[in-house]
Amino acid sequence: MSSFLGYLCSVCRREYEPDQVTYTCPQDGGNLDVVLDIGAIRRQSSSAAISRSDDHSIWRYLPLLPVGPPGHIGTPLWDVGWTPLFRPNRLGAKLGLTDLWIKDDGRNPTASFKDRASAVVVARAQEIGAHVIVTASTGNAGAALAGMAAAAAQPAVILAPRTAPPAKVAQLLIYGAKVFLVDGSYDQAFDLTVEASQALGWYCRNTGYNPFTAEGKKTAAFEMCEQLTDVVGARRAVPLREWLAPDVVFVSVGDGNIISGLHKGFRDLLDLGWIEHLPRLIGVQAEGSAAVYRAFADGAADIQPVRAETLADSISVDLPRDGLRALRAVAETKGFFLTVSDASILDAMRQLGAVEGIFAEPAAAAAYAGLVEAVRQARVDPGQRLVVLLTGSGLKDVRAAMQAAGEAVIIEPTLEALRAGLARGEAT
Ligand SMILES: *Cc1c(COP(=O)(O)O)cnc(C)c1O
Ligand SMILES: [Zn+2]
């Protein structure tokens, strides 16, 4: 039933059978794209058939995934994806944009976009009979793996940098994963995870290493198109025959696996003939963690590591593990990369929260800060259909939120004190 044909190296273009390799290209270490049988998908399914599905999760897209359905129906594994896509009308008006959309992936079971990848990796692990699953993570990928693995009753080991935000570490522990805080960077945790998976026979979920993460992440592209069709198509006299792609998508970039996954998703739909164009992908990096942006700006073919320093921990990466495919995603869609400062990320958190009621973590708010910056630089067409992907909930990193929000005012428990506080304009 599965349309999974094998892999294609994103560097040397060599092809591999499904059981010939597990992670990266044996020749050059390049990341592998999953190859699907587009003809078979077209014969077995259609955009209309999927639109009729009453499964409101990533699993509505099973015909386009290289895995079968995971067991454990009714668990959080089956509740990943189909996150809300809505119009932030007040922010849109402030920016002078008429067709702005936000997709809030903080609304996933473990509160980040990473659930999409981890759910598909767990399904793959079940298929190949892998027992222990391990990942390096700045926090969210680990929490997503720990949560999805718990739902599937599968053991998980997580290696996170010691500096990971405490709320994220608590989440890992609550999901019952074996957690090790590595006294070093995310990059060091990454290398250790690869070494450990080889030495101990564990299945490794690492971002920009395991080819199935991007396959999970591509489902967000499917949802954007299908959900836009639901809303925009419903207003049309003539129903839309196929799905409606956005014109431009803003996404934050750390390792570059989310933007690569979105690119794959839009390409799958274009290959199937279910959308008419690829959206331009705009990659947003933090100024202090901008290795992919630099390579893009310099027109370089490879990516030089940086010493990453930003409060947006989820996109704080020295050496992006999927940087080459991120460059390709932006080049092939005629998008661009830009950077945002930590101050503008904090400002974006306040705007999203106070103006639209969305609590985003810094790495998620960075995508919105990127939109603000692109508008400032007059690099977006105000009438185009723009989607900002928010990748994680603000509850993930309460320390950063306090930095954005400041302190609450303390008063005596009297009406007088409340009135005095209000008069001083302290409670806004
Ligand atoms: C992982 C993550 C990102 C960045 O994704 P990459 O694949 O590393 O580029 C952005 N935001 C949040 C909240 C994340 O957890
Ligand atoms: Zn190769």
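The values are calculated or read from the model by the stated rules, or taken from the named source; none is laboratory data. Remember, it's a predicted structure, so these values are computed and weren't measured experimentally. Every residue, glycine as well, gets a Cβ built from its backbone with ideal geometry; the counts of neighbours run over all protein chains shown. Surface areas here come from the heavy atoms of the whole protein model, side chains and all, with no ligands, DNA or RNA. Shrake-Rupley method; radii C 1.70, N 1.55, O 1.52, S 1.80 Å.
The sole residue among SER316, SER341 that is open to solvent by 20 Å² or more (accessible area, probe 1.4 Å) and either modelled with pLDDT under 95 or within 16 Å of ligand 2 (Cβ to nearest atom) (or both) is SER316.
Among the listed residues GLY92, GLY68, which satisfies the condition of being over 21 Å from the mean Cα position of the chain (by Cα) and open to solvent by 10 Å² or more (accessible area, probe 1.4 Å)?
One residue alone meets the criteria, GLY68.
Those residues that are in contact (Cβ under 8 Å) with a residue 24 or more places away in the chain and either more than 8 Å from ligand 2 (Cβ to nearest atom) or closer than 18 Å to ASP268 by Cα (or both), I need them from region 29-43; list them, please.
Once the filter is applied, which keeps residues that are in contact (Cβ under 8 Å) with a residue 24 or more places away in the chain and either more than 8 Å from ligand 2 (Cβ to nearest atom) or closer than 18 Å to ASP268 by Cα (or both), region 29-43 yields ASN31, LEU32, ASP33, VAL34, VAL35, LEU36, ASP37, ILE38, ALA40, ILE41, ARG42.
Out of the residues in region 309-350 meeting the condition of being polar (S, T, N, Q) and farther than 16 Å from ILE259 by Cα, tell me which one is nearest to ligand 1 (Cβ to nearest atom). Per the criteria, the residue is THR310. Looking only at residues in region 213-231 that are open to solvent by 10 Å² or more (accessible area, probe 1.4 Å) and of a type outside the set (Ser, Thr, Tyr), the one that is nearest to ligand 2 (Cβ to nearest atom) is GLN227. Screening LEU269 on (1) of a type outside the set (Ser, Thr, Tyr); (2) part of a helix (DSSP H, G or I); (3) farther than 22 Å from ASP54 by Cα; (4) touching a residue at least 24 places away in the same chain (Cβ under 8 Å) shows it passes everything except condition (3). The residue list GLY176, GLY254 contains one member that is surrounded by fewer than 22 Cβ atoms within 10 Å (Cβ to Cβ) and assigned to a loop (DSSP other than H, G, I, E, B), which is GLY176.
Yes/no per residue for (1) over 26 Å from LEU262 (Cα atoms); (2) aliphatic (A, V, I, L, M):
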residue	(1), (2)
TRP101	no, no
ASN108	no, no
ILE133	no, yes
ASN140	no, no
ILE158	no, yes
ALA170	yes, yes
VAL179	yes, yes
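Filter region 396-419 for residues that are part of a helix (DSSP H, G or I), surrounded by 11 or more Cβ atoms within 10 Å (Cβ to Cβ) and charged (D, E, K, R) and give the result. Matches in region 396-419: LYS396, ARG399, ARG419. Within region 319-338, being within 16 Å of ligand 2 (Cβ to nearest atom) and under 22 Å from GLY139 (Cβ atoms) holds for ARG321, ASP322, GLY323. LEU389 is checked against (1) open to solvent by less than 10 Å² (accessible area, probe 1.4 Å); (2) away from ligand 1 (no atom under 14 Å from the Cβ); (3) outside any helix (DSSP H, G or I); (4) of a type outside the set (Ser, Thr, Tyr) and fails just one. What number does that condition carry? It is condition (2) that LEU389 fails. Which one of PRO84, PRO76, PRO26 is more than 26 Å from LEU386 (Cα to Cα) and either of a type in the set (A, V, I, L, M) or away from ligand 2 (no atom under 16 Å from the Cβ) (or both)? Residue meeting the stated conditions: PRO76. Taking the conditions (1) under 23 Å from ASP104 (Cα atoms); (2) in contact with a Cys (Cβ under 8 Å, 6 or more places away or on another chain) in turn, ASN210 satisfies each one other than (1). Taking the criterion of being open to solvent by 10 Å² or more (accessible area, probe 1.4 Å) and within 12 Å of ligand 1 (Cβ to nearest atom), the only residue of region 130-163 that qualifies is THR138.
Applying the criterion of being among the hydroxyl-bearing types (Ser, Thr, Tyr) and in contact with a Leu (Cβ under 8 Å, 6 or more places away or on another chain) to the residues of region 3-23, the residue that is nearest to ligand 2 (Cβ to nearest atom) is SER10. Checking every residue in region 96-111 against the condition of being away from ligand 1 (no atom under 16 Å from the Cβ) and exposed (fewer than 15 other Cβ atoms within 10 Å of the Cβ) gives at least one match. Consider ALA189 carefully, then state whether it is out of contact with any helix residue (DSSP H, G or I) (no Cβ under 8 Å at 6 or more places or on another chain), open to solvent by less than 20 Å² (accessible area, probe 1.4 Å), over 19 Å from PRO76 (Cβ atoms) and of a type in the set (A, V, I, L, M). It is true that ALA189 is out of contact with any helix residue (DSSP H, G or I) (no Cβ under 8 Å at 6 or more places or on another chain), open to solvent by less than 20 Å² (accessible area, probe 1.4 Å), over 19 Å from PRO76 (Cβ atoms) and of a type in the set (A, V, I, L, M).
Any residue at all in region 4-15 that's out of contact with any Ser or Thr (no Cβ under 8 Å at 6 or more places or on another chain), free of Cβ contacts under 8 Å to residues at least 12 places away in the same chain, closer than 18 Å to VAL122 by Cβ and open to solvent by 40 Å² or more (accessible area, probe 1.4 Å)? So far as region 4-15 goes, no, none of its residues is out of contact with any Ser or Thr (no Cβ under 8 Å at 6 or more places or on another chain), free of Cβ contacts under 8 Å to residues at least 12 places away in the same chain, closer than 18 Å to VAL122 by Cβ and open to solvent by 40 Å² or more (accessible area, probe 1.4 Å).
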